[in-house]
Each structure stands twice: as structure tokens, then as C-alpha cells.
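Q: The structure's right below; bear with me while I get my questions together.
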Amino acid sequence: MDYFYEKLLRPLLFRRDPEAAHESAVRALALLGRCGPACRILEHWNRLSPATARPVQAFGLTFPNAVGLAAGFDKNARAWPAVAALGFGHVEIGTVTALAQPGNPAPRMFRYPAQEAVINRMGFNNEGAAAVAARLATQPGPGRRRIPLGVNLGKSKAAPLEQAVEDYLASFAQLADHADYVVLNVSSPNTPGLRQLQDEKPLRDLLGAVTAANRVRVGVFNRRVPVLLKIAPDLTWPQIDAVLGVIAEFGLDGIIATNTTLARPGFFAGVSETGGLSGLPLRRRATEIVGYIARATGGRLPIIGVGGIDDPVSAGAMADAGATLVQVYTGMIYRGPFLARTVARALADRQRT
């Protein structure tokens with residue numbers, strides 16, 4: 001199946017505009033998700049057997065395997081019910097904003113096959129929190145899913161930075177009921193000013209408000225949703241230390257390292273397209289940051305490692321650095337839809353040896 005993708009299907013997809021190809025993939029998975037028997041057959045073929053599976057426990061949840069689909073693929077919760085059929089152990093939808101927004105002007109996604117990389121400046125294009133919540137309300141909810149579902153939240157472009165807390169709280173209020181875990185995305189490079197929320201004072205304001213809202217949920221709904229923070233790979237070590245201090249202060253459940261980068265290493269020094277770079281050029285930096293966080297926290301903070309993972313070796317390096325779970329997205333573009341199955345089996349084999 002991997003050979004079929006790389007030799008036949010990928011060349012056809014790569015003849016199309018990257019965003020058009022992406023939309024075709026989302027539509028295909030959405031259709032598969034409505035076809036229960038086909039989903040179950042594919043899932044049976046791709047999942048690890050009980051004898052070989054090594055479920056992962058993290059932030060109070062059980063993940064059937066360590067490999068997830070990163071945010072950015074299924075922005076509007078259309079395709080995720082079929083993701084388990086591809087061998088993933090969790091999926092993260094979004095990024096979702098409080099207000100519906102079209103994102104940045106197209107073209108806004110660019111492939112670099114020789115470098116196994118992508119630059120995107122999508123700009124949080126999504127249908128908005130209310131529409132995504134309405135769709136999730138018609139789908140299996142927490143405790144009734146085949147794999148955990150994370151909901152990635154970002155700031156609406158129309159919301160001024162000084163109103164960011166209220167904007168995130170509006171999304172959190174509408175989507176927390178539907179999430180197995182929530183991610184606060186303060187690290188996309190494609191929303192003006194967003195990365196300033198990683199600074200200590202605004203980050204403290206944001207995490208304080210969201211964790212307070214989460215405590216209220218416990219009293220009202222008797223359910224606390226795990227909250228994670230997604231950071232940029234372009235932070236300095238002192239900036240990461242400050243972020244980790246705020247995370248510890250408010251007792252967040254985990255961290256996702258990392259988002260896309262604004263750096264332009266090697267070949268990309270001559271590339272003029274703006275936006276976040278992902279894929280192979282991000283791998284080393286993302287893995288270094290995961291290792292730094294693991295050492296700085298003594299391994300006590302669960303880490304989802306993402307950036308440049310496209311095979312068992314890169315996933316194993318991320319796990320060795322300290323990642324509890326890993327996520328892929330750009331790697332799937334180049335390696336195919338069953339990359340998760342291959343990586344999950346390899347990581348499970350490592351745990352047995």
C-alpha cells in the first residue's frame with residue numbers, strides 16, 4: 001500500500017494545487033467516515049493486535065498507540081471519524097477560532113518535494129467554534145470514540161490581542177464539552193501578533209483564565225478537560241523556560257512541541273514564500289526542543305512531539321528525546337495515509353525490546 005501511494009497516487013496528487021489535493025483528501029476521509037463497515041475493515045487491518053499493542057496513558061486518557069494526526073489537516077471536524085481506520089491512535093482537529101474566518105489569500109500552501117517540506121500561511125481558515133461544535137454534537141462524544149479527539153483552539157484574526165483571552169474563552173466554552181483534550185495554540189506564525197501570547201505576562205493571563213474556566217466546568221458538569229499548550233520552535237531556551245514556569249504555575253496537562261518554523265535553513269534561505277515551514281527541515285529543532293523540555297521538567301510533563309516525523313527512525317528519536325506521544329502531518333503528505341500504522345508498530349516494537 002505504501003508503494004502504491006509513493007509510485008502511483010502521490011504523483012497524481014502532486015500534479016494538483018496543494019490545497020486542492022488536501023481538500024480532496026478531507027472529502028475522501030469524510031466519505032469513508034460515513035461508511036461504517038469500510039471503516040471497521042480498514043481499522044482492523046491497520047490497528048495493532050492486542051498482543052503487540054502498547055497503549056499509552058497520558059493526561060488521564062488512554063491512547064491505543066503513540067501516533068496522532070496533527071492539527072491542520074481536519075480543521076472543521078469533517079474527517080476525523082475515519083482517522084482510526086488509517087492506524088492513528090489519536091487525532092487533533094482545528095485550529096478552530098471563535099469567529100469563522102476564510103484565512104489568508106490563496107495560494108497559501110507550497111510543497112517542496114526534494115526537501116520533503118511544506119510552507120503554509122493558511123491563517124486559521126475554519127468555520128468557527130459554533131459550527132464545529134454543532135458538527136461534533138452529531139458525532140460520537142468523549143468516552144464513546146475509537147480514539148481520543150483533541151480540539152486545537154486559536155485566536156480569531158479579528159480579535160485584537162488585548163481581547164485574546166475572551167476570544168479563547170468563547171471557543172473553549174463551546175468546544176470543551178466535545179473534546180477529549182484541548183490545545184491552546186499560541187504559536188502559529190500566520191496570525192498577526194499571535195506568538196506574542198507566548199510571552200510570560202500574556203501567557204499567564206490566558207492560562208489563568210482557561211484553567212479557571214476549566215475548574216468551573218468541574219463544578220457544573222463534573223468533567224475537567226485536559227488542557228495543553230502548543231509552542232513555536234523559534235523560541236529561545238530562556239523563553240521556553242519561562243513558558244514551562246507558567247505551565248507549572250497553572251498545572252497544565254501537557255505541551256505540544258512544536259508548531260511550524262519561521263526559520264529558513266539551507267535551501268530555504270533562497271525561498272521567498274512567507275509562512276510556517278514544516279517537514280524534514282524542522283525535525284532536528286523540534287526534537288531538540290522536546291529533549292530540552294523533558295530534561296527541564298524531569299520527564300514529569302507529558303510532551304507531544306511533532307515536526308519532521310516521517311518514518312520509524314525519526315519517531316523513535318522523538319520518543320528517545322522524551323515525547324510521550326508523536327504527531328504527523330507533513331510526513332503523511334510524502335509517505336502516504338498509512339504512515340501512522342508503520343510508525344505505531346515500530347514504536348510498539350521498541351517498547352517490547
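The values are calculated or read from the model by the stated rules, or taken from the named source; none is laboratory data. Model, not experiment: these values are computed from the prediction. All Cβ positions, even for glycine, are placed from backbone atoms using ideal geometry, and neighbour counts span all protein chains on display.
Q: Any chance region 116-135 includes a residue that's more than 21 Å from N104 (Cβ to Cβ), touching a strand residue (DSSP E or B) at 6+ places or on another chain (Cβ under 9 Å) and either part of a strand (DSSP E or B) or in contact (Cβ under 8 Å) with a residue 60 or more places away in the chain (or both)?
A: Going residue by residue through region 116-135, those that are more than 21 Å from N104 (Cβ to Cβ) are 116, 130, 133-135.
If we keep only those that are touching a strand residue (DSSP E or B) at 6+ places or on another chain (Cβ under 9 Å) too, we end up with 116, 133.
Subset that is either part of a strand (DSSP E or B) or in contact (Cβ under 8 Å) with a residue 60 or more places away in the chain (or both): 116.
There is at least one residue in region 116-135 that is more than 21 Å from N104 (Cβ to Cβ), touching a strand residue (DSSP E or B) at 6+ places or on another chain (Cβ under 9 Å) and either part of a strand (DSSP E or B) or in contact (Cβ under 8 Å) with a residue 60 or more places away in the chain (or both).
Q: Could you tell me which residue of region 97-116 is farthest from the chain's Cα centre (by Cα), considering only residues that are of a type in the set (G, A, S) and at negative phi? Write out each step before concluding.
A: Restricting attention to region 97-116, the residues satisfying the condition of being of a type in the set (G, A, S) are 98, 100, 103, 106, 114.
In the following step, the residues that additionally are at negative phi were identified as 98, 100, 106, 114.
Details: A98: 18, A100: 20, A106: 22, A114: 24 Å.
Among those that are of a type in the set (G, A, S) and at negative phi, it is A114.
Q: While we're on this one: Please find, within region 90-102, the residue that is farthest from G150 (Cα to Cα) out of those that are in contact (Cβ under 8 Å) with a residue 60 or more places away in the chain and assigned to a loop (DSSP other than H, G, I, E, B). Before the answer, list the steps.
A: So the first thing to find is which residues in region 90-102 are in contact (Cβ under 8 Å) with a residue 60 or more places away in the chain, and the list is 90, 92, 94-99.
So of that shortlist, the ones also assigned to a loop (DSSP other than H, G, I, E, B) come out as 97-99.
On the way: T97: 14, A98: 16, L99: 19 Å.
Within region 90-102, the match that is farthest from G150 (Cα to Cα) is L99.
Q: Failed condition for L31, given (1) farther than 21 Å from L280 by Cα; (2) among the hydrophobic types (A, V, I, L, M, F, W, C); (3) surrounded by 17 or more Cβ atoms within 10 Å (Cβ to Cβ); (4) at pLDDT 95 or above, with all others met?
A: Here L31 clears every test but (3).
Q: Let me ask you something else. Can you tell me how many residues within region 210-240 are assigned to a helix (DSSP H, G or I) and over 11 Å from Q198 (Cα atoms)? Quick ask: steps written out before the conclusion?
A: Start the filter on region 210-240 by keeping residues that are assigned to a helix (DSSP H, G or I), which leaves 210-221, 237-240.
If we keep only those that are over 11 Å from Q198 (Cα atoms) as well, we get 210-221, 237-238.
Qualifying residue count for the region: 14.
Q: Which of the residues that make up region 310-345 are under 20 Å from F110 (Cβ atoms) and among the hydrophobic types (A, V, I, L, M, F, W, C)?
A: V328, M332, I333
Q: Name every residue in region 101-119 that is in contact with a Ser or Thr (Cβ under 7 Å, 6 or more places away or on another chain) and crowded, with 21+ Cβ neighbours inside 10 Å, in order of residue number. Before the answer, list the steps.
A: Filtering region 101-119 down to residues in contact with a Ser or Thr (Cβ under 7 Å, 6 or more places away or on another chain) leaves 101, 117-118.
Scanning region 101-119 gives A117, V118.
Q: Next question. If I filter region 42-70 down to residues being over 17 Å from P226 (Cα atoms) and outside any loop (DSSP other than H, G, I, E, B), which single residue comes out as nearest to the chain's Cα centre (by Cα)?
A: L69
Q: On to the next question. Any residue at all in region 317-325 that's out of contact with any strand residue (DSSP E or B) (no Cβ under 8 Å at 6 or more places or on another chain), within 19 Å of E6 (Cβ to Cβ), surrounded by fewer than 24 Cβ atoms within 10 Å (Cβ to Cβ) and small (G, A, S)? If you could, list the steps in order and put the result at the bottom.
A: Just the residues of region 317-325 that are out of contact with any strand residue (DSSP E or B) (no Cβ under 8 Å at 6 or more places or on another chain), to begin with: 317, 320.
If we keep only those that are within 19 Å of E6 (Cβ to Cβ) too, we end up with none.
No: zero hits.
Q: Quick one: which residue in R295, R284, R341 is within 23 Å of E43 (Cβ to Cβ), among the basic types (K, R) and assigned to a helix (DSSP H, G or I)? Full working, then the answer.
A: Working: R295 fails: within 23 Å of E43 (Cβ to Cβ); R284 fails: within 23 Å of E43 (Cβ to Cβ).
None of the others qualify; the one that does is R341.
Q: How many residues are touching a residue at least 40 places away in the same chain (Cβ under 8 Å), farther than 14 Å from A117 by Cβ and crowded, with 21+ Cβ neighbours inside 10 Å if we restrict to region 282-300? Full working, then the answer.
A: Within region 282-300, the subset touching a residue at least 40 places away in the same chain (Cβ under 8 Å) is 282, 285-286, 289, 292-293, 296-297.
Add one more test, that the residue is farther than 14 Å from A117 by Cβ, and what stays is 289, 292-293, 296-297.
Now narrow it down to the ones that are crowded, with 21+ Cβ neighbours inside 10 Å: 289, 293.
Number satisfying all stated conditions: 2.
Q: Scanning for something closer than 30 Å to D349 by Cβ, out of contact with any Pro (no Cβ under 9 Å at 6 or more places or on another chain) and of a type outside the set (D, E, K, R), does region 232-253 turn up at least one residue?
A: Looking only at region 232-253, we keep the residues that are closer than 30 Å to D349 by Cβ, and these are 233, 253.
Narrowing further to those that are out of contact with any Pro (no Cβ under 9 Å at 6 or more places or on another chain): 233.
After this cut, where a residue has to be of a type outside the set (D, E, K, R) as well, the list is 233.
Yes.
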